[in-house]
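This is the structure, below, for whatever I ask next.
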Amino acid sequence: MIVLASASPRREALLQALWVEHRIIPSSIDEAGPLPGTTTACHAETLALRKAAEVAARVGEGLVLGADTIVECDGRPLGKPKDREEAKEFLRLLSGRSHLVMTGLALVQASDGRTEIGHEMSEVRMRALTDAEIDAYVQTGEPFDKAGGYAIQGAAEAFIEGIKGSFTNVVGLPLGRLRTLLLRFDIDPLNRQV
C-alpha cells in the first residue's frame, strides 16, 4: 500500500493504471517559488521529498510517494498560475516553442525514513497559439492547478505538436521512473512476486 501525498486526480488515475494500491493523504507543504541556487529538477525533487516526508511523519508507517511537476521555458520555471493573467502569460510564453517538463519523485518509508528520490524530464513542443485560443482555453478553467498553465491530458492536447520523453511525466507522474524507484524497495507493481 502506497500513500500518495497529493490530492491530484491525475496522479491517482496514473497510480491506478500501474495497479498500485494506494490511499491519499495530501501534503500541506507550500509549493513556493524556485529555491535559490538550484536547478528546476533539483527544486522538483526537493519539493517532492518535502511533501513525502511531511506525510510520512503524520502516518508513521507505509511507503509515502511525493511528486512535484514544474514546467521550464528558457530557464524560467513555471509553476501553477496564480490567476487568469498569469495563465495567459504562461501560454503566450510556451506558444510556438519547446519547453521542458520535470517531475520530481520521492518515496519515503515512514517507519525508518529510508528515502529514494529521482526525476523525469520530457520536452514538449507547443504549436503557435492565437490570443483568441489562449483566452478561450483560460476561460475553461483548465489551466489552474496545472504546472505551466495547461493540462496535456485535457483540451490542451490539441495545442501539442510533439513530445520527447514520457507522456505520463507531462501529466504529472512518470510511471517508468516511479517503477524504477519502487523496485529499490523490492516492489514491482507489474509482478507481485518480487
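The values are calculated or read from the model by the stated rules, or taken from the named source; none is laboratory data. Computed from a predicted model, the values in this text were never measured in an experiment. With ideal geometry, Cβ positions are generated from the backbone for all residues, glycine too; neighbour counts draw on all protein chains shown.
Every residue in the stretch 94-104 that is under 19 Å from Glu157 (Cβ atoms) and either touching a Pro at 6+ places or on another chain (Cβ under 6 Å) or not in a loop (DSSP other than H, G, I, E, B) (or both), please.
Leu94, Ser98, His99, Leu100, Val101, Thr103
Give the residues of the stretch 36-58 that are in contact with a strand residue (DSSP E or B) (Cβ under 6 Å, 6 or more places away or on another chain) and not hydroxyl-bearing (Ser, Thr, Tyr), sorted by residue number.
Ala41, Ala44, Glu45, Leu47, Ala48, Leu49, Lys51, Ala52, Ala53, Val55, Ala56
Looking at the stretch 34-51 only, could you name the residues that are farther than 20 Å from Phe144 by Cα and outside any helix (DSSP H, G or I)?
Leu35, Pro36, Gly37, Thr38, Thr39, listed by residue number.
So, one more: Being over 20 Å from Val171 (Cα atoms) and in a loop (DSSP other than H, G, I, E, B) is true for just one of Glu31, Glu61, Glu54, Glu89. Which residue is that?
Glu61
State yes or no: is Leu15 modelled with pLDDT under 95 and among the aliphatic types (A, V, I, L, M)?
Taking the combined requirement at face value, the residue satisfies it.
Let me ask something else. Any residue at all in the stretch 118-136 that's in contact with a Gly (Cβ under 7 Å, 6 or more places away or on another chain) and either aromatic (Phe, Trp, Tyr) or touching a residue at least 60 places away in the same chain (Cβ under 8 Å) (or both)?
Within the stretch 118-136, one or more residues are in contact with a Gly (Cβ under 7 Å, 6 or more places away or on another chain) and either aromatic (Phe, Trp, Tyr) or touching a residue at least 60 places away in the same chain (Cβ under 8 Å) (or both).
When the residues of the stretch 1-12 are narrowed to those that are at pLDDT below 95 and in a loop (DSSP other than H, G, I, E, B), which ends up surrounded by the fewest Cβ atoms within 10 Å (Cβ to Cβ)?
That would be Met1.
Further question on the same structure: Being touching a Gly at 6+ places or on another chain (Cβ under 6 Å) and under 14 Å from Pro26 (Cβ atoms) is the filter here, so list the residues in the stretch 48-83 that pass it.
Passing the criteria: Ala48, Lys51, Ala52, Asp68.
Hey, another quick one. Among the residues of the stretch 140-187, write down those that are in a loop (DSSP other than H, G, I, E, B), in contact with a Gly (Cβ under 7 Å, 6 or more places away or on another chain) and under 11 Å from Thr103 (Cβ atoms).
The answer is Ser166, and nothing else.
For the stretch 94-132, how many residues meet the condition of being more than 18 Å from the chain's Cα centre (by Cα) and closer than 30 Å to Val3 by Cα?
Summing the residues that are more than 18 Å from the chain's Cα centre (by Cα) and closer than 30 Å to Val3 by Cα in the stretch 94-132 gives 7.
Working only within the stretch 26-44, note down all residues that are buried (at least 18 other Cβ atoms within 10 Å of the Cβ) and either hydroxyl-bearing (Ser, Thr, Tyr) or modelled with pLDDT of 95 or more (or both).
Ser27, Thr40
Okay, moving on. If you go through the stretch 49-77, how many residues are in contact with a Phe, Trp or Tyr (Cβ under 9 Å, 6 or more places away or on another chain) and more than 15 Å from Leu107 (Cα to Cα)?
Qualifying residue count for the region: 2.
Of all residues in the stretch 90-113, how many are surrounded by fewer than 18 Cβ atoms within 10 Å (Cβ to Cβ) and touching a residue at least 24 places away in the same chain (Cβ under 8 Å)?
So the count comes out to 8.
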